[in-house]
């Protein structure tokens, strides 16, 4: 009679496919979560670690969007202004001499 449960060596530990993403998550947590140690991150349940990483991702995206909005606002408002009419240099001088165009 064959055994009821077929156990493989990967049953008792993480495969190498899982270790690299785990270490990447640990690294990100250590870099961006204040006061968290390596052992804290390893002892943390997976759902908590992933939740914190999703919050960090969301916060980073919101910060980038705010920066882009501010950049767009400053780019459009820091120009020389919008002209409604074009006046050549000679015409401008003559208007200033005749008083048609105020100096201030």
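The values are calculated or read from the model by the stated rules, or taken from the named source; none is laboratory data. Because the structure is predicted, anything quoted here is derived from the model rather than measured. FYI the Cβ positions are ideal-geometry reconstructions off the backbone, even for glycines, and counts take in every protein chain you see.
Return a yes/no flag: does segment 45-52 have any residue that is over 25 Å from the mean Cα position of the chain (by Cα), at pLDDT 85 or above, under 20 Å from residue 19 (Cβ atoms) and assigned to a loop (DSSP other than H, G, I, E, B).
yes
To keep it simple, each residue is scored yes or no on (1) loosely packed, with under 10 Cβ neighbours inside 10 Å; (2) modelled with pLDDT of 90 or more; (3) more than 17 Å from the chain's Cα centre (by Cα); (4) part of a loop (DSSP other than H, G, I, E, B).
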{"residue": "7", "(1), (2), (3), (4)": "yes, no, yes, yes"}
{"residue": "20", "(1), (2), (3), (4)": "yes, no, yes, no"}
{"residue": "28", "(1), (2), (3), (4)": "no, yes, no, no"}
{"residue": "42", "(1), (2), (3), (4)": "no, yes, yes, no"}
{"residue": "60", "(1), (2), (3), (4)": "no, yes, no, no"}
{"residue": "68", "(1), (2), (3), (4)": "no, yes, no, no"}
{"residue": "72", "(1), (2), (3), (4)": "no, no, no, no"}
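Note down all Cβ pairs under 9 Å where the first residue falls in segment 8-19 and is under 16 Å from residue 46 (Cα atoms), the second is at pLDDT 65 or above and not in a loop (DSSP other than H, G, I, E, B), and they're at least six residues apart or on different chains.
Correct list of pairs: 14/22.
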